[in-house]
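Below: one structure, written as structure tokens.
What follows draws every value from the coordinates through simple rules; no lab data is involved. Note that the structure is a prediction, hence the values are computed from the model and not measured. Here the Cβ is made from the backbone with ideal geometry for all residues, glycine too, and neighbour counts use every protein chain on show.
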Amino acid sequence: MIRYIIPILKGENMNLSVAARQLDMTDAIRTHIEHSVDSLKKFNLDIISTRVVVAADERNGKKGFTVDLNLNLPQKTAVVIKQKDKDLYAAIDLATDRAMKVLRRYHDKEVGHRVTKITDFGNLNFLEPEDIEDNIEADTDEIIPMELDLYKPLDIEEALEMIKDTNQQFLIFNDKDDKTRVLYKRKDNKFGLY
């Protein structure tokens, strides 16, 4: 087994370890692995270390290749992917694609569940209480509060006379038993009572 340890430049924390079993590690294979692993950095998950083991595998007269990809992330379980294919480059690409799916899920969870702190808003222009009342009045619909003329309990007959004298569709009143009642006009010009 031949093991290559390739330090990542630019002061990044990730270490890349590449190992080959039962095959010769060429510069082209190593470069392809480096570029594939380098594409995993786009999720900004602070990958601590990456270990790639490529192996030639021959079973039942068929040649194939196996790629084991191990990613160590801080405060998360390690991502372990094992990919087999008859083409070595295809196996590396498939393993990288599967790792991207896992890292994308981790990234989406991290980005989607962040809590916004009050300091993240920067300088906010706070409104004075008078301005807030003016904004509330400007945003509300045209609802005009009305005083009720009637505070004493009514008989149903009195309420019926009141609704007949006006164009109101319904009348809410308290009856003699202090129950809140609703008298309303029906479509057949009769009256209903709740």
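Using the structure shown, list the pairs from Lys41/Lys82; Lys63/Lys101; Lys42/Lys63 with a Cα-Cα distance above 24 Å, or answer none. Before the final figure, lay out each step's value.
Working: Lys41/Lys82 20 Å; Lys63/Lys101 28 Å; Lys42/Lys63 34 Å.
Distance filter (> 24 Å) returns Lys63/Lys101; Lys42/Lys63.
Sum up the charges of everything whose Cβ sits under 11 Å from the Cβ of Tyr106, counting Lys and Arg as +1 and Asp and Glu as -1, but leave Tyr106 out. Don't skip to the end; give the middle numbers.
Numbers: positive: Lys76, Lys101, Arg104, Arg105, Lys109; negative: Asp46, Asp108, Glu110.
That works out to +2.
For labels at Glu157 and Asn70 in the simple 7 Å Cα→Cβ model, what's the distance in nm?
With each label point 7 Å from Cα toward Cβ, the separation is 9.6 nm.
Taking the Cα centre of the stretch 2-109 as origin and charging only Cβ (+1 Lys, Arg; -1 Asp, Glu), how large is the dipole, in debye to the nearest 20?
On the way: 19 positive and 14 negative charges, 81 e Å.
In total the dipole reaches around 400 debye.
Can you sort Lys152, Lys185, Lys82 by how many other beta carbons sit within 10 Å, fewest first?
Numbers: Lys152 7, Lys185 16, Lys82 13.
Ranking Lys152, Lys185, Lys82 by Cβ neighbours within 10 Å, fewest first, gives Lys152, Lys82, Lys185.
Pop the C-beta distance of Lys63 and His107 into the FRET formula with R0 = 35 Å and round what comes out to the nearest 0.05. Intermediate results must be reported in sequence, preceding the final value.
Details: r = 36 Å, r/R0 = 1.04.
Rounded to the nearest 0.05, the efficiency is 0.45.
Which number gives the lysine pairs in the stretch 150-194 that have C-alpha atoms under 24 Å apart and are eight or more places apart or on different chains?
Lysine pairs meeting both conditions in the stretch 150-194 amount to 12.
For the stretch 34-51, just list the computed ³J(HN,Hα) in residue order, Karplus coefficients 6.51, -1.76 and 1.60, θ = phi - 60°, integers in Hz, with x standing in for Gly and Pro.
Going residue by residue, I get 4, 5, 5, 5, 5, 6, 6, 6, 5, 8, 6, 9, 6, 5, 6, 8, 10, 10 Hz, with x marking Gly and Pro.
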